[in-house]
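Chemist: I am attaching a structure below and will ask some questions about it afterwards.
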Amino acid sequence: MNEFEPWLRLGSFAGLLLLFLLWEQAAPRRPRQQKRWRRWLRHLALAGFNTLLVRALFPLAAVGAALLATSRGWGLLPWLNLPGWLALVLTVLILDFIIYWQHRLFHRVPLLWRLHRMHHTDTELDVTTGVRFHPLEILLSMTIKLASVMLLGASPLAVLVFEVLLNATSLFNHANIYLPPRLDALVRRLLVTPDMHRVHHSVYPKETDSNFGFNLSCWDRWLGTYRAQPRDGHLGMRLGLKEFRTPVDRTLLKLLIQPFRRTGS
């Protein structure tokens with residue numbers, strides 16, 4: 001399975017990226033302000049570099065770690081001896097819960113926030129924002145994910161399902177797409193929608209520190225971090241961070257050195 005995993009993830013990523021780009025063209029939620037091709041190339045170049053870096057430093061990746069853990073009998077789930085379908089569901093739920101808490105910690109701990117804030121300096125959300133993460137954050141996130149997979153003893157199939165789901169929902173909830181209010185309300189009962197996640201990218205700190213989920217919306221609801229709507233409305237709200245808003249801040253070099261920058265530098 002491990003040899004096909006990169007191609008499956010790449011294929012699903014490319015297909016969903018194209019789908020949401022077309023959807024953004026047909027039914028955008030907010031007016032566009034930046035030149036699309038420049039944004040897309042910058043973000044996709046960053047995503048490509050992050051992928052190569054992870055493959056170079058973590059050749060096993062998450063599915064490979066699951067294969068190793070399964071072959072050695074490591075982790076909690078093999079010890080519980082659950083039915084395969086239940087172990088798969090639990091793996092997806094637990095890993096999603098871990099991602100939720102990881103996201104909260106990246107906002108709470110100053111050093112981690114420096115790594116994560118590059119993602120929040122985007123002043124205009126679209127589907128490519130879903131892959132706009134600093135390489136150091138990606139490496140730390142992968143370390144946490146590998147440790148979680150091996151401690152759980154998750155099956156390769158369950159990890160692959162989770163990886164594809166996380167990839168898909170990250171693209172979906174960052175996309176600048178319009179969902180009718182009734183459909184949005186229905187979908188967000190289970191999943192994080194674009195309108196729900198957009199609140200998290202507000203310039204207001206209280207809104208930035210809400211809606212941490214990437215996939216399931218229940219964690220925010222149950223743990224008190226859910227905010228239904230932005231106070232200025234979706235068309236009137238400002239996105240990004242107050243400190244980094246100039247065109248120069250959007251250049252690839254400035255994004256890469258973002259964790260080492262002081263406010264206004």
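Chemist: Which of rounded, prolate or oblate describes region 155-265 when judged by the alpha-carbon gyration tensor and an a/c cut-off of 1.5?
Modeler: Oblate, since a/c reaches 1.5 and b/c is not below a/b.
Chemist: A further question follows. Given that compact globular proteins tend to follow 2.2 N^0.38 Å, what is the ratio of the alpha-carbon Rg of region 116-177 to that value?
Modeler: After normalising by residue count via 2.2 N^0.38 Å, the value is 1.28.
Chemist: Using helices alone, I'd like the mean residue ellipticity at 222 nm for the chain: each DSSP H run of four-plus residues gives -39500 (n - 2.57), total over residue count, nearest 500.
Modeler: Mean residue ellipticity at 222 nm (helix-derived): -19000 deg cm²/dmol.
Chemist: Once label points are set 7 Å from the Cα along Cα→Cβ at both Tyr204 and Arg38, what is their separation, rounded to one decimal in nm?
Modeler: Here the answer is 3.0 nm between the modelled labels.
Chemist: If I model a spin label at Arg262 and Ile144 as a point 7 Å from the Cα along the Cα→Cβ vector, what separation in nanometres do I get?
Modeler: Using points 7 Å along Cα→Cβ, the separation is 2.9 nm.
Chemist: Sticking with this structure for a sec: Report, please, the projected area of region 71-160 averaged over directions, based on the convex hull of its C-alpha atoms, in nm².
Modeler: 6.9
Chemist: Further, regarding this structure: Using the alpha-carbon atoms, what tilt in degrees (0 to 90, nearest 10) does helix 156-174 show relative to the longest principal axis of the chain?
Modeler: It is inclined by approximately 10 degrees.
Chemist: Counting other C-beta atoms within 10 Å, which of Ile98, Ile144 has the fewest, and how do the rest follow?
Modeler: Ile144, Ile98
Chemist: Equivalent ellipsoid semi-axes for region 107-150, as square roots of 5 times the alpha carbon gyration tensor eigenvalues: give them largest first, rounded to whole Å.
Modeler: 21, 14, 8
Chemist: Under a straight-distance cross-link criterion of Cα-Cα below 17 Å, which lysines are reachable from Lys206, leaving out those fewer than 8 residues away in the same chain?
Modeler: Lys242
Chemist: Who wins for biggest fluctuation among Asn215, Asn176, Asn81 in a Gaussian network model of the chain, springs between alpha carbons below 10 Å?
Modeler: Between Asn215, Asn176, Asn81, it is Asn81 that shows the largest mean-square fluctuation.
Chemist: Turning to a different aspect of this structure: Evaluate the relative contact order of the chain (contact order divided by residue number), counting alpha-carbon pairs under 8 angstrom at least 6 apart; express in whole percent.
Modeler: It comes to 26 percent, rounded to a whole number.
Chemist: Here is a further query. Rounded to two decimals, what is the ratio between the C-alpha radius of gyration of region 149-208 and 2.2 N^0.38 Å?
Modeler: Cα-based Rg divided by the globular estimate yields 1.42.
Chemist: Please give the per residue volume of the convex hull enclosing the alpha carbon atoms of region 14-155, rounded to a whole number of Å³.
Modeler: 139
Chemist: Something else now. Give the order of Leu256, Leu112, Leu10 when sorted by the count of other beta carbons within 10 angstrom, beginning with the fewest.
Modeler: Leu10, Leu256, Leu112
Chemist: Please report the equivalent ellipsoid semi-axes of the chain, computed as sqrt(5 x eigenvalue) of the Cα gyration tensor, largest first, in whole Å.
Modeler: 30, 21, 18
Chemist: With springs only between Cα atoms under 10 Å, which of Ser217, Ser12, Ser202 fluctuates most in a Gaussian network model of the chain?
Modeler: Most flexible of the set in this elastic network: Ser12.
Chemist: Could you compute Rg(Cα) / (2.2 N^0.38 Å) for region 209-265, with N its residue count?
Modeler: 1.50
Chemist: Provide the FRET efficiency to the nearest 0.05 for the Trp7-Leu252 pair, computing r from the beta carbons and using R0 = 25 Å.
Modeler: FRET efficiency, Trp7 to Leu252: 0.40.
Chemist: Which angle between 0 and 90 degrees, to the nearest 10, do you get for helix 5-26 versus the longest principal axis of the chain when only C-alpha atoms count?
Modeler: Result, in degrees: 30.
Chemist: Determine the principal axes of the Cα atoms in region 52-95, then give the extent along each, sorted from largest to smallest and rounded to whole angstroms.
Modeler: 35, 22, 13
None of the figures in this text is laboratory data; all of them are computed from the coordinates on show. Just so it is clear, the model here is predicted, and its values are computed rather than measured. Note that each Cβ is placed from the backbone with ideal geometry, even for glycine, and that neighbours are counted across all protein chains shown.
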